[in-house]
């Protein structure tokens, strides 16, 4: 749809250019018809080239959008699978572990590394890593 709109606008632009050239040539009778035709042909070639470049740009951006959409679909599926897996009911020790160290799990969910979590909570990196390792074992 956008491509056709661009082509129509470029066509109208070409008609306006031809009209202006014709009008200008009538005012300046010193220009010969041959010069006028050469100018019109030059403008027409330029317009065709610009139209081709626009079509290529539109196609390029359509491909980029398509690739981005496919990537987002893949990421969405991965996230949905992750959410389904994390919805397993917690039992006994796992529930206690998760409740006691909620801050660590929240910071991990935000994407912080073990060292960053340890610094933020004033804990040792080994302690944080151990807690996360225990939680991972409980999930599996």
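Please give the peptides 37-48, 107-118 ranked by average Cβ packing (other Cβ atoms within 10 Å per residue), highest first, as a rough proxy for protection.
107-118, 37-48
Can you tell me how much longer the chain between residue 121 and residue 35 gets when fully stretched, taken as 0.36 nm per residue apart minus their C-alpha distance, in nm with one decimal?
Details: separation 86, 0.36 × 86 = 30.96 nm, distance 8.03 nm.
Gain on extension, residue 121 to residue 35, equals 22.9 nm.
Going by average Cβ density within 10 Å per residue, which order do the peptides 68-78, 5-15 take, highest to lowest? Intermediate values should be presented prior to the final figure.
Working: 68-78: 10.0, 5-15: 12.7.
My ranking of the peptides, most packed first, is 5-15, 68-78.
Taken together, the values in this text are just the output of simple stated rules run on the coordinates, not laboratory data. Since we're looking at a predicted model, the values are computed, not measured. When we count neighbours, we look across all protein chains shown, and the Cβ atoms used for this are built from the backbone with ideal geometry, even at glycine.
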